[in-house]
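This report concerns only the one structure given below.
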Amino acid sequence: MTTTTSRTVRTSDGVDLAVVEEGPVGAPVLVLVHGYPDDRTVWDGVAAHLVDRFRVVRYDVRGCGASGVPARTRDYALERLATDLREVVDAVSPGVPVHLAAHDWGSIQTWEAVTDPAHAGRFSSFTSISGPSLDLAARWLRAGARHPRAALAQLAASSYIALFQLPVLPELAARSGLLDRAVAHSERAGTPWRRGRTVTRRPRKDAVNGLELYRANFLERMRRPRRVGTDVPVQVLAPTHDAHVSVALQTRAPVGFATRLHTRTIVGNHWVVAQRPATVAAKITDLVDHTTGGPLPRSLRPRSRHGDLAGRLALVTGAGSGIGRATCVELARRGADVVVTDLDETTAKETVGLVEQAGGEAWAYVLDVTDPAAWDRVAETVATAHGVPYVVVNNAGIGMGGPFLATTLEDWRRVVDVNLWGVVHGSRVLGRMLAEHGEGGHLVNVASAAAFAPSRSLPAYAATKAAVLSLTESLRAELAYAGIGVTAVCPGFVDTNITRTTRFVGTDPDEQRRLSEHQQAAYRRRDYPPERVARHLVDAMLADRPVAAISAEARALQLGHRYLPALTRRFARLDLNEL
């Protein structure tokens, strides 16, 4: 039975803590601890996604919200805060360990609790967001000679802490609203400018009281950090645009001190718990499920291979031959595992074998890229069985030559369905999945050098590839705030199977055969293999280039399109099939 209960827990030093419990009675207990200058309501969105599975507990820490305010600075010491957490846990889940998730100062005090042997056996897992252990942070900063840039960047980001040690002035800043404006600025970091305009309103009394957290703890722990550790499974979620706590500090400081440590980045800023509640809730659930016997999500697994894409998962369409197959193999060489999709199951399985020879894991799936329902099925199956892909290469395409007036509506439907709609479906389904997953990623859409050049010989093909190029540039602008790179790859004359399968409209079988042989011979003379395209494609993706014109002719057409449009239009009058 699902219930909501409010209670007051009186601590051993006489401070009343306001506690709220929601969710099914008897379900695993998950305690959410807030930071500064928030109260327990910062977790409202996350809790809404968790109450069906967990008994979710939130409380206002001392000095905040509806909880009591201690009289002395030393009553905010970390040891006391960790004891508060323990006493809340004992009240809501006597004798049964609980799961923990904490943010900012809530995470700092929760690190204190999970690394203190006095609380051993009370915690089953801990997800830390934007709040490192002060002991481990001090040790990491002291070792700054090993990582000077990262250490200096963190010191600069933390400079406000020195101001908080001063008397009177920080209180004046909090009461005047100056601190509110500073917090509002960091709430907008990394978000689209039209979003993030609505800033959380926080009681100024909480901002004033919470200053004691800094005064009671920072100088002492920075001067004399303790050597601490924990066997509790810990997941660190490090926001990519956190203006206060760097990814480096969050993910590196606990290494060697938490024996079951998992680190991952999450796209967002310091207040990601309020801004991306569904994603945060899913990450918390990942760790809880793993501690109770479930599989470890791919992004939390130790990397067993080396390379730029070690441990990453890629999905490639049209991967049974040509550029798609070569890209799968190249991705595997760079450390990725690959989901190989193609309309032909036999050729897809052949590609799987080549990926395995290159050192990667691979799985074959039959996929008709023109079928949106098939996309949904394959994406869901892949996410469940292997994880959410980090790299998606929309490569599947067909060739079509011949004049516009000879191109039938059915011809148009076919080339648009594969070359354009295939990219639309893949970008829509997997782009949304990547954005919701919250860990970034990259979409690569394979266009063509024909996207830069009008041609009387390839009007339908060139139109679809130009549309892919334009769509890709729009997607790049839209998905940037989700940490997803988008690249359009425009190969030139590449010797692949597409030269043998290109259909020339308005021709009889003999003319079709002649034109096909002519095209194949021309591409063989050019001698630009798909393996070279694949290397350039992966390099462009890793460099996050918006457009990659691959081969000399592709770059020449791109430059002509940009700087010599009149000459490009004259060139379009040539019949390429007669050259």
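The values are calculated or read from the model by the stated rules, or taken from the named source; none is laboratory data. Remember, predicted model here, so these are calculated numbers, not experimental data. No Cβ is skipped: glycine too gets one built from the backbone with ideal geometry, and neighbour counts run over all protein chains shown.
Does His518 qualify as being modelled with pLDDT under 75 and assigned to a helix (DSSP H, G or I)? In short, yes.
Any idea which residue in region 404-445 is nearest to Ala462 (Cα to Cα), counting only those that are part of a helix (DSSP H, G or I) and among the polar types (S, T, N, Q)? Walk me through how you get there before you give the answer.
Going through region 404-445, the residues part of a helix (DSSP H, G or I) turn out to be 404-406, 409-437.
Within this subset, residues satisfying the condition of being among the polar types (S, T, N, Q) are 419, 427.
Working: Asn419: 10, Ser427: 20 Å.
Here the residue is Asn419.
When the residues of region 525-560 are filtered to those that are of a type in the set (Lys, Arg) and farther than 13 Å from Ile323 by Cβ, the one that is farthest from the chain's Cα centre (by Cα) is Arg525. Filter region 7-28 for residues that are over 29 Å from Arg74 (Cβ atoms) and either over 35 Å from the mean Cα position of the chain (by Cα) or not in a strand (DSSP E or B) (or both) and give the result. Val25, Gly26, Ala27, Pro28, listed by residue number.
Only one of the numbered conditions (1) over 20 Å from Val208 (Cβ atoms); (2) surrounded by fewer than 16 Cβ atoms within 10 Å (Cβ to Cβ) is not met by Thr83, and that is (2).
Looking across region 49-73, the residues that are at pLDDT 95 or above, aliphatic (A, V, I, L, M) and part of a loop (DSSP other than H, G, I, E, B) come down to Val51, Val61, Ala66, Val69.
Has region 406-417 got any residue that is at pLDDT 95 or above and closer than 15 Å to Val340 by Cβ? Checked region 406-417: no residue is at pLDDT 95 or above and closer than 15 Å to Val340 by Cβ.
Screening Gly441 on (1) more than 32 Å from the chain's Cα centre (by Cα); (2) buried (at least 19 other Cβ atoms within 10 Å of the Cβ) shows it passes everything except condition (1).
Of all residues being in contact with a strand residue (DSSP E or B) (Cβ under 6 Å, 6 or more places away or on another chain) and over 30 Å from Thr502 (Cα atoms) in region 387-417, which is surrounded by the most Cβ atoms within 10 Å (Cβ to Cβ)? Just the residue, please. Restricting to residues being in contact with a strand residue (DSSP E or B) (Cβ under 6 Å, 6 or more places away or on another chain) and over 30 Å from Thr502 (Cα atoms), the top hit is Pro389.
Going by the conditions given, is Asp206 more than 24 Å from the chain's Cα centre (by Cα) and surrounded by 19 or more Cβ atoms within 10 Å (Cβ to Cβ)? Judged against the criteria, Asp206 is a match.
Among the residues that make up region 142-158, is at least one of them over 29 Å from the mean Cα position of the chain (by Cα), in the same structural domain as Ala248 (by TED's automatic domain parsing), touching a residue at least 40 places away in the same chain (Cβ under 8 Å) and at negative phi? So far as region 142-158 goes, yes, one or more of its residues are over 29 Å from the mean Cα position of the chain (by Cα), in the same structural domain as Ala248 (by TED's automatic domain parsing), touching a residue at least 40 places away in the same chain (Cβ under 8 Å) and at negative phi. Region 120-165 holds helices (runs of 4 or more DSSP H) entirely within its bounds, and those carrying 2 or more residues that are among the aromatic types (Phe, Trp, Tyr) and modelled with pLDDT under 95 map to 160-164. Got a sec? Which of Ala332, Ala364, Ala358 is assigned by TED's automatic domain parsing to the domain that holds Gly438 and touching a Ser or Thr at 6+ places or on another chain (Cβ under 8 Å)? After ruling out the rest, the residue left standing is Ala364. Applying the condition of being within 28 Å of the chain's Cα centre (by Cα) and outside any helix (DSSP H, G or I) to region 94-117 and asking which residue is surrounded by the fewest Cβ atoms within 10 Å (Cβ to Cβ) yields Val98. Glu511 satisfies every condition listed in (1) within 21 Å of Asn419 (Cα to Cα); (2) at pLDDT below 85 except (1). Within region 275-288, at least one residue is farther than 18 Å from Val388 by Cα and touching a helix residue (DSSP H, G or I) at 6+ places or on another chain (Cβ under 7 Å).
Take the conditions (1) touching a helix residue (DSSP H, G or I) at 6+ places or on another chain (Cβ under 8 Å); (2) without any contact (Cβ under 8 Å) to a residue 40 or more places away in the chain; Gly256 misses just one of them, which is (1). Just checking, does region 23-35 include any residue being buried (at least 19 other Cβ atoms within 10 Å of the Cβ), on the phi < 0 side of the Ramachandran plot and touching an Asp or Glu at 6+ places or on another chain (Cβ under 7 Å)? Within region 23-35 (the criterion being buried (at least 19 other Cβ atoms within 10 Å of the Cβ), on the phi < 0 side of the Ramachandran plot and touching an Asp or Glu at 6+ places or on another chain (Cβ under 7 Å)), the answer is yes, since at least one residue qualifies.
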